[in-house]
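Notes follow once the structure below has been shown.
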Amino acid sequence: MDRIDEEILKLLKENGRMTSSEISKHVHLSVPAVSERIRKLEEGQVIDRFTVRLNREQTGLHLLAFIMVQLEKPEHVAGFRTMIVQTPSVLECHHLAGEYDYLLKVALKSTGELEQLISEQIKRLEGVSKTNTMIVLSTMKEEM
């Protein structure tokens, strides 16, 4: 990956619908050269996928929170992971080093939904010994 590839990625992060023609004007390459670079970035899995980024507020998901989860024993990991990947409100799940085992980023409509997720799903899951929840007040920066 060189400087031009980095510039192409920057442009696509800003606008994933930008055409190769528009990108070519910014990076001063021909359209076929830009298309080939994008193809190679996809094949090399630098570009994982093209997607749409939704506005959470406009879709009714007004509450963003982080939930740290501690499991009792390693044998509880599989059940926990299965539940998490099947839960639409969980946007991200990260395995951690430290006091807690997992960090979840969740988006929900209300504190009632958050309470239901924590009390009825996460804490009732076998092996969950402790959680710690932080509600996001505002977000200054969020990108990949």
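The values are calculated or read from the model by the stated rules, or taken from the named source; none is laboratory data. Please read these numbers as outputs of a predicted model, since none were measured by experiment. Note that each Cβ is placed from the backbone with ideal geometry, even for glycine, and that neighbours are counted across all protein chains shown.
Of these, V69, V34, V46, which one is buried (at least 17 other Cβ atoms within 10 Å of the Cβ) and either hydroxyl-bearing (S, T, Y) or under 30 Å from E6 (Cα atoms) (or both)?
Values: V69 fails: either hydroxyl-bearing (S, T, Y) or under 30 Å from E6 (Cα atoms) (or both); V46 fails: buried (at least 17 other Cβ atoms within 10 Å of the Cβ).
Of V69, V34, V46, the one residue that is buried (at least 17 other Cβ atoms within 10 Å of the Cβ) and either hydroxyl-bearing (S, T, Y) or under 30 Å from E6 (Cα atoms) (or both) is V34.
Applying the selection to region 40-51, what residues are closer than 30 Å to V106 by Cβ and touching a residue at least 12 places away in the same chain (Cβ under 8 Å)?
Correct list: V46, I47, F50, T51.
Could you please give the count of residues in region 10-39 that are basic (K, R) and either closer than 26 Å to L108 by Cα or assigned by TED's automatic domain parsing to the domain that holds L108 (or both)? Even if it seems obvious, please write down each step before you answer.
Going through region 10-39, the residues basic (K, R) turn out to be 10, 13, 17, 25, 37, 39.
From the residues that got through so far, the ones that are either closer than 26 Å to L108 by Cα or assigned by TED's automatic domain parsing to the domain that holds L108 (or both) too are 13.
Residues flagged as basic (K, R) and either closer than 26 Å to L108 by Cα or assigned by TED's automatic domain parsing to the domain that holds L108 (or both) within region 10-39 amount to 1.
So, of the residues in region 32-88 that are more than 30 Å from L125 (Cβ to Cβ) and of a type in the set (G, A, S), which turns out to be farthest from the chain's Cα centre (by Cα)?
Selected residue: A33.
Of everything in region 14-31, what is within 28 Å of the chain's Cα centre (by Cα) and loosely packed, with under 13 Cβ neighbours inside 10 Å? Give them in sequence order.
Hits for region 14-31 are E14, N15, R17, T19.
Would you pick out the residues in region 83-137 that are touching a strand residue (DSSP E or B) at 6+ places or on another chain (Cβ under 7 Å), of a type in the set (S, T, N, Q) and loosely packed, with under 15 Cβ neighbours inside 10 Å?
Selection gives S110, T111, S129, N132.
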